[in-house]
Structures are given as C-alpha cells and as structure tokens.
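The next block holds one structure in the form of structure tokens; read it before the comments.
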Amino acid sequence: MTTYLGTLMISRFLLLLAIVSFSYGDKLTDIKATDMIHIGVKYDFKPFGFFDKRGRLVGFDIDLARFIASKLGVTPSFKQVTSSSRIPRLLSEDIDIIVASMTHKISRDKEIDFSISYFFDGQSILVRQDEVGTTAKEFANRKVGAIKGSTAGPNFKKLVPESRMVYFSEYPQALRALKRGNIEAITTDFTWCNVQANDSNETLKVVGGLLSYEPYGIGVPQNESKLRDAINFALIELVKEGVYAELYEKWFGKKPKRFPTIWPK
Ligand code: GLU
C-alpha cells in the first residue's frame, strides 16, 4: 500500500515537474521545437515591408527577418502588424518578434525588450509639391497627419504644440488624405516620406529636415534573453557577412553610413 502510494506520489511529482518545465521553457527553445517563427511585419511601409508589383511581400525588414529566421534554423511566418497593434500582439504571444520599422524608445522598453539597433532614421514632414512651409513651426494651426501608435504624432505635438494632429490607423489612409487635400502634411520617419515623394511623380516632397532620432530595433518578449541573444548574434552576422550593406543598397539605393554595433568574440 505504502509502495503504491509512494509510486503514485512520485509519478504525480514527475508530471507536475514536466508541466512546470514545459510552461517555463524559453521562447527560443519553443520556436526551434515548432520549426517556425511568427514575425510581425508591416505590409504598407515601403521600403521596409510592402507588396511589390507582383504581389510579393518584400522590403528591408522582410529580408532582415528572413536572414534571422535562417540563422535560427526555422521557417519565417509573416503576420501583418500596424504601428499600434505590434506591441499588443507581441504581448498576447500572437507573434514571437516584431520587425516593423519600430523605434527603440525607453518608454516602449517598459513592456517589451529590444535587439541592438539595426537602422537609424529621424522624423520628417511629407507635403504636397505646392507647399510653401519648410519648417515644422510653419505647420502651427494646420492639419498634420500621423499614424496611431507611431512616435511621430506625440513628437510633433511636443515640437509644435499648436499643430492640429489628425490620426490615421494606417499609412495608406494618411497618404490618400494628403493627396486629396484633407490634411496639409504627414509626419513620420524620413525614409518612408522620401520613398513616397520619389514615387509621387513630383506631386509630393519632403521638408523639415530631421526632427527626431529614430533608431529601429527588433521587438522581443520581455525577459527572453536566449532569444534576444540569438537575434543580436544574427544581426552581428548580418553585418560581418556583408549582407547588411547589400540589403541597405538594395532597399535604400546607397551605402550605409552607420552599421549596427558589432561585439567582439
Ligand atoms: N519608427 C517610428 C515608430 O516606431 C515610425 C514608423 C512606424 O510607424 O512604424 O513609431
């Protein structure tokens, strides 16, 4: 009887141990076990994540994410995120990481962790070609579009408190409003603004210079140091193997002035 009870208790204990160790397994191990990493990316933020003319999801962030997945030895599964949905979707474990033009801000670090910075931008202003204003201050008391959940709106409001911010859920909506004359400007990172101006047949242009500092980082869940290390090491490999410079030229048409930090061996 005692032996029976003893065996029962030991097997229950082992079962409990298995459950506990499974639920406390780290994210990297889970990703490798399923052979797949779910990556939150933008579908409408050219040249970081967008659909090309043949309907393929492409961009700098997409190539970067593919490189990271290959270094981890798993298949990437891309899921669309917006500026406002990316952090909540990481928190709800709907995605494993975020590679979506996301600035590493200390305030965002309260909820999630970040990789080393992999791209360095600053906020600008996209306007119609006939706009006479050239500085941020000249948009006081005028309608300036920004995207919900992006750094640009609050940054701009701080810089020009009299600006009338108009918030949109997604970038294409804001672009349509600008082209139709419903708003006077859109403020967000320079690289996106510049691509829109180049694609606009000279109907749009970029003004205002660089109004903020926007270093992009890959978002990872809080306290997953093995996953964060693996992503950082992959980014370091990306630079060392010359792929970072290649991708930079492919998507931005110039050589990088600044690279992600490389740690010595
Ligand atoms: N990099 C900025 C941000 O993280 C703007 C681009 C975006 O909306 O993703 O908010």
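Points to keep in mind about this one:
- With respect to the conditions (1) in contact with a Leu (Cβ under 7 Å, 6 or more places away or on another chain); (2) under 19 Å from Ala152 (Cβ atoms); (3) among the charged types (D, E, K, R), Lys46 lacks only one, and its number is (1).
- As a summary of the residue check, Pro215 satisfies the conditions (1) of a type outside the set (S, T, N, Q); (2) assigned to a helix (DSSP H, G or I); (3) under 18 Å from the mean Cα position of the chain (by Cα) except for the one numbered (2).
- Selected residue [in contact with a strand residue (DSSP E or B) (Cβ under 8 Å, 6 or more places away or on another chain), more than 13 Å from the ligand (Cβ to nearest atom) and outside any helix (DSSP H, G or I)] from Ile39, Ile62: Ile39
- Filter pass, Lys71 being surrounded by fewer than 21 Cβ atoms within 10 Å (Cβ to Cβ), more than 12 Å from the ligand (Cβ to nearest atom) and closer than 23 Å to Glu237 by Cβ: yes
- The C-beta contact set for the stretch 230-251 (first residue in contact (Cβ under 8 Å) with a residue 40 or more places away in the chain, second residue part of a helix (DSSP H, G or I) and of a type outside the set (A, V, I, L, M, F, W, C), distance under 7 angstrom, 6+ apart or interchain) comprises Ala234/Lys71; Glu237/Lys71; Leu238/Tyr244; Leu247/Asp63.
- Where a residue in the stretch 138-162 is without any contact (Cβ under 8 Å) to a residue 40 or more places away in the chain and its partner, wherever it lies, is part of a helix (DSSP H, G or I) and surrounded by fewer than 24 Cβ atoms within 10 Å (Cβ to Cβ), with Cβ under 8 Å and at least six apart: Val160/Ala136; Val160/Lys137
- In the stretch 252-265, the qualifying residues are those that are in contact (Cβ under 8 Å) with a residue 40 or more places away in the chain and exposed (fewer than 13 other Cβ atoms within 10 Å of the Cβ), and the one that is farthest from Glu214 (Cα to Cα) is Thr261.
- Every condition in (1) closer than 28 Å to Asp30 by Cβ; (2) within 16 Å of the ligand (Cβ to nearest atom) holds for Glu224 except the one numbered (2).
- Enumeration of residues in the stretch 95-133 that are surrounded by 24 or more Cβ atoms within 10 Å (Cβ to Cβ), in contact with an Asp or Glu (Cβ under 8 Å, 6 or more places away or on another chain) and hydrophobic (A, V, I, L, M, F, W, C): Val99, Ala100, Val127
- Matching entry among Asn182, Asn201 (being on the phi > 0 side of the Ramachandran plot and surrounded by fewer than 23 Cβ atoms within 10 Å (Cβ to Cβ)): Asn201
- Filter pass, Ala197 being away from the ligand (no atom under 14 Å from the Cβ), in a helix (DSSP H, G or I), within 20 Å of Pro260 (Cβ to Cβ) and among the small types (Gly, Ala, Ser): no
- Taking every residue in the stretch 181-198 that is of a type in the set (S, T, N, Q) and pairing it with any residue that is at pLDDT 95 or above and away from the ligand (no atom under 16 Å from the Cβ), at least 6 positions away or on another chain, the pairs with Cβ-Cβ distances below 6 Å are Gln196/Leu204.
- Of the strands (runs of 3 or more DSSP E) contained entirely in the stretch 108-192, those carrying at least 1 residues that are at pLDDT 95 or above and farther than 21 Å from Thr203 by Cβ fall at 119-121, 123-128, 164-168.
The values are calculated or read from the model by the stated rules, or taken from the named source; none is laboratory data. These numbers come from a predicted model, not from an experiment. Every residue, glycine as well, gets a Cβ built from its backbone with ideal geometry; the counts of neighbours run over all protein chains shown.
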